[in-house]
Amino acid sequence: MKRLFNITMGVAGLTLLASCHKYESLDFNVDKPTSFTAQEQIDAYQPLKTYINRTTNAKFKLGAGTSLQAYVSKGVMYRLINSNFDEITLGYEMKHGAVVQADGSLALSNVKTLLETASKAGISVFGHTLAWHANQNATYLKSIIAPVVIPSSGGPSWDLVIGADFETDNAAVYQSNTNAVMSFTAAGEGFNGTGRALRINNAAVRTNDYDAQLFLKFPGVVLGEKYELKLNVRSDVAASYSTQAHVTPGAYKHWDFFGTISSTPTWTTYTKEITVTADMATSGSVAFNLGKTATNFYFDNITLKKYNPLGGTTIVEKTADQKKTILTEAMDKWIKGMVTVSKDYVKAWDVVNEPMDDAKPYELKTAVGRTTIAADEFFWQDYLGKDYALKAFQLARQYGNATDIHFINDYNLEYSIDKCKGLIAYVKYLEDKGAKIDGIGTQMHIVATSDKAKIDEMFTLLAATGKLIKISELDMGFAGNIKTPAVTKEQYAAQAEMYKYVVKKYFELIPPAQRYGITIWAPQDSPTSSSWRAGEPIGLWTEGLIRKPAYVGVAEGLK
């Protein structure tokens, strides 16, 4: 039954009739708006954490993601979190990039303030995160493994990057594709009748010039650098062929690199200087496109030189072992500092975050082969190997409390079951090597129409590990990244139903002894200025902190 407003209106009589009529009230019944009634029903719910059965879930923690400043300022968000949640996870401020300074020192005063503030409010803090590839002070980490540069007072020079005279069979700096068949000439048939040359046979005219290619390989070039390519060339018939920039052989980057080369049956020398443009930057290979002429192509005395404005400067690269030692020490310093300052307050850690590759879900992420790498990305595993996570768990255990709970955490485990299996397999690998891993975190950045069958399968697989299981970063938008102003009432209802489903299935499929908790990553809808799911209605509250149907979904799931 709809509630009614009773509106009483006083009616004054006309002067002429004043002596004949007494005051009477007139009652009008007005239906309360449906939206008003619906919001009243949402607001009638108690704080979220009151719906947790503490008898059967004594150690379960309902968490919220937040920023340090939003919490320590003790404003509305501080009160909302304290009322509804048991635990907080900082989105950024306990990460390497926020704490490690340019000189390698650790700025921890803000972290101390946060920990003390939360402790006084009776809120626990989940440590996030100790070993990750993103949100790192990558500039510092790269600097400590950078080459040693010994300056010189000499003038500018062109320093050799790679060279190939084809007098040996060492093909470390070149290769070809299938249609470009490599061999060597006889001795004495190289440039000026000296030594031998590389012969490339293209047996037929191809559909595209790049269907037959010779590649030179070298370290990736950087925007603004200057290079000189020089080589001796000839061909059995007159030919002309372009060059392309590739990140690695076959990974095309740009249509032009070192210009177009012409060759004839007579040996000539081709020289080309370039300045690296944004289109060329990060390329580590030049491709010679030989497919348009069916002939033998000959190459000799290839050199790639880099312009050095300092001239004569000596650059000493660190070995792989030296880099591993340096970075292991850096990881030790970072984890020791963060864990030591937090150990009186933080009893659970996201030790290793997002290790598994999306395209190859049984392998670790890597920077190798990526065309772009963010300024704050640093892949520890590319230097420390597969055991980088083993070292992180060992250090966290060494510097923390003996009873600390240590998690490994990743995303898309409900989207890619293979990734879920890959993470479980990696946990086994690490434990076989001596790591003690207490729990697995599944982030669950999902949409209202995510596949429920896969969600069930993920929870079942995780439960079978016997580990503590935590939904570490639960939030939910809509397929197509629908923004808040465009969401319909029906979509909000679907979002609430999915929140309820996820929470309910967690309690159904994860045994009581394995339930660490659920963290709502975005209590509020995301503002358009956010770096995370910008402008999407992912929260349980609106930006203005009005409860949404999603709040009811979580509450009902907890019930």
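The values are calculated or read from the model by the stated rules, or taken from the named source; none is laboratory data. Since we're looking at a predicted model, the values are computed, not measured. Cβ sites come from the backbone with ideal geometry, for glycine too, and all protein chains shown count toward neighbours.
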Which one of the conditions (1) among the β-branched types (V, I, T); (2) surrounded by 23 or more Cβ atoms within 10 Å (Cβ to Cβ); (3) out of contact with any helix residue (DSSP H, G or I) (no Cβ under 7 Å at 6 or more places or on another chain) does V554 fail to meet, given that it meets all the rest?
-> (3)
Counting only residues in the range 220-245 that are out of contact with any Asp or Glu (no Cβ under 9 Å at 6 or more places or on another chain) and assigned to a strand (DSSP E or B), the one surrounded by the most Cβ atoms within 10 Å (Cβ to Cβ) is identified as S235
Can you find even one residue in the range 410-418 that is over 22 Å from the mean Cα position of the chain (by Cα) and either farther than 29 Å from I538 by Cβ or assigned to a helix (DSSP H, G or I) (or both)?
-> no
Are any residues in the range 189-219 surrounded by fewer than 14 Cβ atoms within 10 Å (Cβ to Cβ), part of a loop (DSSP other than H, G, I, E, B) and at pLDDT below 95, and if so, which ones?
-> P219
Looking only at the range 356-387, and only at residues there that are of a type in the set (S, T, N, Q) and farther than 23 Å from Y92 by Cβ, the one that is modelled with the highest pLDDT | T366
Looking at the range 101-115, is at least one residue part of a helix (DSSP H, G or I), basic (K, R) and touching a residue at least 40 places away in the same chain (Cβ under 8 Å)?
-> yes
Applying the selection to the range 445-474, what residues are touching a Leu at 6+ places or on another chain (Cβ under 7 Å) and under 23 Å from K347 (Cα atoms)?
-> A463, I469
Residues of the range 438-457 being touching an Asp or Glu at 6+ places or on another chain (Cβ under 6 Å) and β-branched (V, I, T), in sequence order, are I455
Leading residue by the ranking (surrounded by the most Cβ atoms within 10 Å (Cβ to Cβ)) among those in the range 55-95 that are hydroxyl-bearing (S, T, Y) and part of a loop (DSSP other than H, G, I, E, B) = S67
Take N110 and decide whether it is out of contact with any Pro (no Cβ under 9 Å at 6 or more places or on another chain) and either modelled with pLDDT of 95 or more or within 30 Å of W380 (Cβ to Cβ) (or both).
-> yes
